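Novice: Structure incoming, see below.
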Amino acid sequence: MTSIAVIKYNAGNNFSVLSALRRLGYEATVTDDPALLASADKVIFPGVGQAASAMEYLRRTGLDNVIRGLKQPVLGICIGQQLMCRRSEEGGGVDCLGIFDTEVKRFEAQELKIPHMGWDTLDEIREGKFLSPHLQGNWVYYVHSYYVPVIPETVAVTRYINPFSAALQRDNFFATQFHPEKSGDTGEKILKEWLTVNG
């Protein structure tokens, strides 16, 4: 049975993630123990909250270096994706984990509301081993005011005010700006696909 660790930190959204995994027949351990995180088959880095306080906690506990050093498939969700980037504009600017070499930007207010909240489509899916092309056009659930620009590691794009990275992939690191655990059948398909990735 696949062992799954969910990173315990002060911006987690663990209940929804655990519930989604159980619906798929998986159990997970919520932990901040470096040994347990390193030995798990898969690691999930979920999040809702504020980047600066989350990074302060990760640095204080040493989890920042633990996450960077993980070798198995890691999935960042929402702020988990943003924290995997080099820097975020949130809170006046905060240095993040630097797994993806880009800066997280704040949506510029226009006629559309901020935060970007609710259901939106995966407008473009690019080649990778994370998201199946047949999911292009499917609806997923978002809640965010900051976004990752489209970069070489972008594997899915959603357009809201401007195109942004709905999902990223680099080596063993995967990430989604949307919440697969709250995205119904499409979210379950995405979690299933990720759970079968071998690195």
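The values are calculated or read from the model by the stated rules, or taken from the named source; none is laboratory data. Here the structure is a predicted model, which means the values were calculated and not measured. Counting neighbours? That spans all protein chains shown, and the Cβs are built from the backbone with ideal geometry, glycine included. What goes into the accessible areas is simple: the full protein's heavy atoms, side chains included, and nothing from ligands, DNA or RNA. Shrake-Rupley method; radii C 1.70, N 1.55, O 1.52, S 1.80 Å.
Novice: How large is the accessible surface per residue of the chain, computed with a 1.4 Å probe and reported in Å² as a whole number? Working shown, then result.
Specialist: Values: 8560 Å² over 199 residues.
Solvent-accessible surface per residue comes out at 43 Å².
Novice: Just want the answer: with Cβ charges of +1 for Lys and Arg and -1 for Asp and Glu, which residue in Val30, Ser53, Ile4 is farthest toward the dipole's positive end in region 1-63?
Specialist: Ser53
Novice: So, in Å, what gap is there between the alpha-carbon centers of region 43-67 and region 177-199?
Specialist: Going from one Cα centre to the other spans 21 Å.
Novice: Continuing with this model, one more query. Using a Cα distance threshold of under 21 Å, what count of lysine pairs results for the chain when pairs must be 8 or more residues apart or interchain?
Specialist: Taking the Cα cut-off of 21 Å, the pair count is 15.
Novice: Roughly what % of Cα-Cα distances in region 109-184 sit above 18 Å, to the whole percent? Kindly include the intermediate steps, with their values, before the conclusion.
Specialist: Values: 950 of 2850 pairs.
So the portion of pairs separated by more than 18 Å is 33 percent.
Novice: Would you mind finding the longest exposed-site-free stretch of the chain, with exposed GluC sites (Glu not before Pro) meaning DSSP loop and at most 10 other Cβ atoms within 10 Å? Mind showing how you got there, number by number?
Specialist: Working: sites that count: Glu108, Glu111, Glu127.
Between exposed loop sites, the widest span is 1-107.
Novice: Right, here's the next one. If you stretched the chain out fully between Glu103 and Asn65, how much longer would it get, using 0.36 nm times the residue separation minus the C-alpha to C-alpha distance?
Specialist: Values: separation 38, 0.36 × 38 = 13.68 nm, distance 1.92 nm.
That pair, Glu103 and Asn65, stretches by 11.8 nm at full extension.
Novice: Still on this structure, I have one more. Count the net charge of all other residues whose Cβ sits under 10 Å from the Cβ of Gln72, scoring Lys and Arg as +1 and Asp and Glu as -1. Kindly include the intermediate steps, with their values, before the conclusion.
Specialist: Values: positive: Lys42, Lys71; negative: Asp41.
Summing Lys/Arg as +1 and Asp/Glu as -1 gives +1.
Novice: Still on this model: Treating only the Cβ of Lys, Arg, Asp and Glu as charged (+1, +1, -1, -1), what charge dipole size does the chain show about its Cα centre? Round to the nearest 20 debye. Provide the component values of the computation, followed by the final result.
Specialist: Numbers: 20 positive and 23 negative charges, 51 e Å.
With Lys and Arg at +1 and Asp and Glu at -1, about 240 debye.
Novice: In addition: Summarise the accessible area of the chain (1.4 Å probe, protein heavy atoms) by the percent that is carbon and sulfur. Walk me through the intermediate numbers first.
Specialist: Working: 4120 of 8560 Å².
Using a 1.4 Å probe with all protein chains present, the chain comes out at 48 percent carbon and sulfur.
Novice: Another question about this same structure. At 1.567 mPa s and 4 °C, plugging the Kirkwood radius over alpha-carbon pairs of the chain into Stokes-Einstein gives what diffusion coefficient in µm²/s? Write out the running numbers ahead of the final one.
Specialist: Values: Rh = 16.5 Å.
The diffusion coefficient I find is 78 µm²/s.
Novice: In nm, give the distance between the simple-model label positions of Asp120 and Ser3, each being 7 Å from the Cα along the Cα-to-Cβ direction.
Specialist: 3.8 nm
Novice: With each label point set 7 Å from Cα along the Cα-Cβ vector, what nm distance links Arg23 and Glu111?
Specialist: 3.4 nm
Novice: Be a star and scan region 1-29 for residues whose amide nitrogen sits under 11 Å from the point 7 Å along the Cα-to-Cβ vector of Lys129.
Specialist: Inside the label zone: nothing.
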